[in-house]
1. Within the set of pairs 6 or more residues apart or between chains, which connect a residue that is over 12 Å from residue 89 (Cα atoms) inside the range 102-128 to a residue that is assigned to a helix (DSSP H, G or I) with Cβ atoms less than 7 Å apart?
2. Can you tell me which residue within the range 63-83, out of those that are exposed (fewer than 13 other Cβ atoms within 10 Å of the Cβ) and more than 28 Å from residue 130 (Cβ to Cβ), is nearest to the chain's Cα centre (by Cα)?
3. Which strands (runs of 3 or more DSSP E) sit wholly inside the range 7-100 and have at least 1 residues that are farther than 30 Å from residue 122 by Cβ?
4. Is at least one residue of the range 64-80 in contact with a helix residue (DSSP H, G or I) (Cβ under 8 Å, 6 or more places away or on another chain), modelled with pLDDT under 85 and either outside the structural domain of residue 28 (by TED's automatic domain parsing) or over 24 Å from residue 33 (Cα atoms) (or both)?
5. Inside the range 31-68, can you point out the residues that are touching a strand residue (DSSP E or B) at 6+ places or on another chain (Cβ under 7 Å) and in contact (Cβ under 8 Å) with a residue 60 or more places away in the chain?
6. I'd like the full set of residues that are under 17 Å from residue 73 (Cβ atoms) and either surrounded by fewer than 12 Cβ atoms within 10 Å (Cβ to Cβ) or touching a helix residue (DSSP H, G or I) at 6+ places or on another chain (Cβ under 6 Å) (or both), limited to the range 27-60.
7. Of the conditions (1) farther than 23 Å from residue 133 by Cβ; (2) surrounded by 13 or more Cβ atoms within 10 Å (Cβ to Cβ), residue 89 clears all except one; give me its number.
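The values are calculated or read from the model by the stated rules, or taken from the named source; none is laboratory data. Just so we're clear, the structure is a prediction, and the values are computed from it rather than from any experiment. Cβ atoms come from the backbone with ideal geometry, glycine included; neighbour counts cover every protein chain shown.
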């Protein structure tokens, strides 16, 4: 007797689509699906072997199958660990480069009121270094306007 592991399903035309929590999918014909959920699918059938290899069913050690499913799930969701890998800062709007890709607006050279305060910049850098990712990309807009730290506006 086999154990059915958690999955979602939906009927698509003349087949059932099964998807487990690791994102693995499998299609079954209605009779095979009905047999599977009623624990009547022969364990030596091709359908059952596919379902077992894709972790929809477990024979023998349930603990091992659950650990394998958890490992696949963890691998699938690993991208969430790096959710803060890209940081974009608009330091000032006083830029006349007008880069095609830039999303920041453009202001006159004397529009210093739109410049980021040094305290704000320091808090942003602290936040970036406190993020859970091991690598990050910092994209700055219009940073070349300031030649040295003394030119940055202070609080």
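1. Close Cβ pairs (under 7 Å, with a partner that is assigned to a helix (DSSP H, G or I)) amount to 107/114.
2. This residue is 71.
3. On the way: elements: 7-12, 15-20, 25-28, 86-90.
Where strands (runs of 3 or more DSSP E) fall fully within the range 7-100 and carry at least 1 residues being farther than 30 Å from residue 122 by Cβ, they are 7-12, 15-20, 25-28.
4. no
5. Scanning the range 31-68 gives a single hit, 65.
6. Scanning the range 27-60 gives 53, 55, 57, 58.
7. It fails just one condition, (1).
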